[in-house]
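Inspection log for the structure reproduced underneath, given as structure tokens.
The values are calculated or read from the model by the stated rules, or taken from the named source; none is laboratory data. This structure is a prediction, so every number in the text was calculated from the model and none was measured. Backbone-built Cβ (ideal geometry, glycine too); neighbour counts: all protein chains shown. All accessible areas refer to the heavy atoms of the entire protein, side chains included, with ligands and DNA or RNA removed. Shrake-Rupley method; radii C 1.70, N 1.55, O 1.52, S 1.80 Å.
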Amino acid sequence: MTAAVLALGVGAVTASGCVWYVPALVDLRAGADRPASRRLAATACVTGWATAGVTALLLLADAPGPFLLAAAVAGAVASATTRAGAAVRRNREEREDAACWVALDSTPLRKTPPPPQHAFARRIGAGLAASVVIALLLSTWGRNRGAGGAVTVAVPTILATLAVLALVAASAVRRGRGRE
């Protein structure tokens, strides 16, 4: 594979990563309106995605391998250490909040469960991941047994479609119960 094709792939993945780095940029732009741990986590996110973008540019410029590897590793280490610092800072902030609630002689607000959209997305993701695993297993099994390609593609596709339809139906039933 040529470096230009690899650069195009890394660039496409970096561009699609905007769902993570654009909100992180918004958190950084908000400044003191956001907690320090969130700003550190946003910095780690932007650093990681910037590393991917720089790697794509270096691939496109046909940079030497050791230089390319050094840049990627440096960016990954910087992003990982910043994210670890954000986790430590978040724990410290939670302890401070708990101490403030104790000082007020009150109980902190309970963490709310994730919104139903998140649970729904996790279920769909789990169903799709299971169908991909089944597809890989069936394609391996099908090749060994001489089955055609249609079987190895059709069965996981049907399973994924059924899983998505079941989740959509469950979501509709749940919404209907919530309105009563």
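Filter the range 48-77 down to residues that are open to solvent by 40 Å² or more (accessible area, probe 1.4 Å) and of a type outside the set (Phe, Trp, Tyr), then give me how many there are.
Of the range 48-77, the ones open to solvent by 40 Å² or more (accessible area, probe 1.4 Å) are 49-50, 54, 57, 60-62, 64-67, 69-70, 73-74, 76-77.
Now narrow it down to the ones that are of a type outside the set (Phe, Trp, Tyr): 50, 54, 57, 60-62, 64-66, 69-70, 73-74, 76-77.
Qualifying residue count, the range 48-77: 15.
I'd like to check something: does the range 75-84 contain any residue that is modelled with pLDDT under 80, of a type outside the set (D, E, K, R) and in contact with a helix residue (DSSP H, G or I) (Cβ under 9 Å, 6 or more places away or on another chain)?
Looking through the range 75-84, none of the residues is modelled with pLDDT under 80, of a type outside the set (D, E, K, R) and in contact with a helix residue (DSSP H, G or I) (Cβ under 9 Å, 6 or more places away or on another chain).
Using beta carbons and a limit of 8 Å, which pairs, at least six apart or on different chains, have the first residue in the range 1-27 and surrounded by 14 or more Cβ atoms within 10 Å (Cβ to Cβ) and the second one among the charged types (D, E, K, R) and assigned to a loop (DSSP other than H, G, I, E, B)?
Hits for this filter: 3/62; 27/34.
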